[in-house]
1. Pop out the carbon and sulfur fraction of the accessible area of the range 111-194 as a percent, whole number, probe 1.4 Å.
2. What percent of all Cα-Cα pairs in the range 137-244 falls in each 5 Å bin, counting up from 0?
3. Under a crude label model (7 Å from the Cα following the beta-carbon direction), how far is Ser46 from Ala90 in nanometres?
4. Cα-Cα pairs above 15 Å in the range 178-217: how many percent?
5. Can you give the accessible area of Val146 in Å² (nearest 10), computed on protein heavy atoms with a 1.4 Å probe?
6. Starting from the Cα-Cα distance between Ala55 and Ala194, subtract it from 0.36 nm times their residue separation and give me the gain in nm to one decimal.
7. Report the full-extension gain for the segment Ala184 to Thr71: residue separation times 0.36 nm, less the Cα-Cα distance, to one decimal in nm.
8. Could you give P(r) for the range 200-244, binned at 5 Å from zero, as whole percent values over all Cα-Cα pairs?
Amino acid sequence: AALAALVGPGPNRAREPLEFAGVLEPGPATGLIPGALALSPSQADSYLECPRRYACERRLAVGAEGSVYTTLGSLVHQSIEQAEKEALAAGEAHGTLAAALAALGLLWDPAPFGGGAWAEAWRRRAEEILRHLYEQWPSEGRVAAVEHSLSLEVAGVPWRGRADRIELHPGTPPRLRVVDFKTARQAVSHDEAAGSLQLAFYLMAAAADPELCALGEPAGAELWFPAAPARAVTTRPFDPARMP
């Protein structure tokens, strides 16, 4: 009887969820997936990891706020991007630590890191990652493209992505390798990288890119982990034999 009184008419009834302050009106019941669906490797990985989380974060923007770790990763990526673009323009194999640190200085904003001593600690962390990468550069390849847009249609669905670095290795024919930088401290396993959906897409899309194929044969893809605690920069290659 008490429960019935809460949902029935009268002053003591429980309010409907939509009656609470700040609750938005229901959206259109058109489904989560748009008619013109386009995917990225990160979206596909998110779906494979947890379809419900993909729906909430990627389609409904629920709980998708960035963290300080995401901000740090973006900052390091942008610093590397600037250094590698300068190397590409100068015809060098790769960028320099000085260029990366200069880019970091221009991009630096202490506010997202809490300001004060906290922000300085995060800045030192970014500098350590860049220093480790450029002082222990793990490749003899020459930069051929930076933040290169890649696209491919798979089973009627367009895929889009951006390769952090594409490097050229000498040979007959010359070979291209796609490199993706990861700023996590923990590197993935060799097996996980060997079957990476993201690296598979990059390699397939690079092989379908006339601009890249004019430079060389797309023959490999790797994940680099300059933040991993190891003397050398940790790298993880993709296994082309596991191409989906």
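1. Ligands and nucleic acids excluded, carbon and sulfur reach 50 percent.
2. 2, 13, 23, 24, 21, 11, 4, 1, 0
3. Computed distance between label sites Ser46 and Ala90 equals 3.7 nm.
4. Values: 397 of 780 pairs.
Summing the P(r) of the range 178-217 above 15 Å gives 51 percent of all pairs.
5. So the heavy atoms of Val146 present about 20 Å² to solvent.
6. Result for the pair: 47.3 nm of gain on full extension.
7. Working it through step by step, the gained length comes to 39.5 nm.
8. Taking every Cα pair in the range 200-244, the percentages come to 5, 21, 22, 17, 16, 12, 6, 2.
The values are calculated or read from the model by the stated rules, or taken from the named source; none is laboratory data. Quick caveat, the model's predicted, so the values are computed rather than measured. When we count neighbours, we look across all protein chains shown, and the Cβ atoms used for this are built from the backbone with ideal geometry, even at glycine. Please note that ligands, DNA and RNA were not included when accessible areas were found on the heavy atoms of the full protein model with its side chains. Shrake-Rupley method; radii C 1.70, N 1.55, O 1.52, S 1.80 Å.
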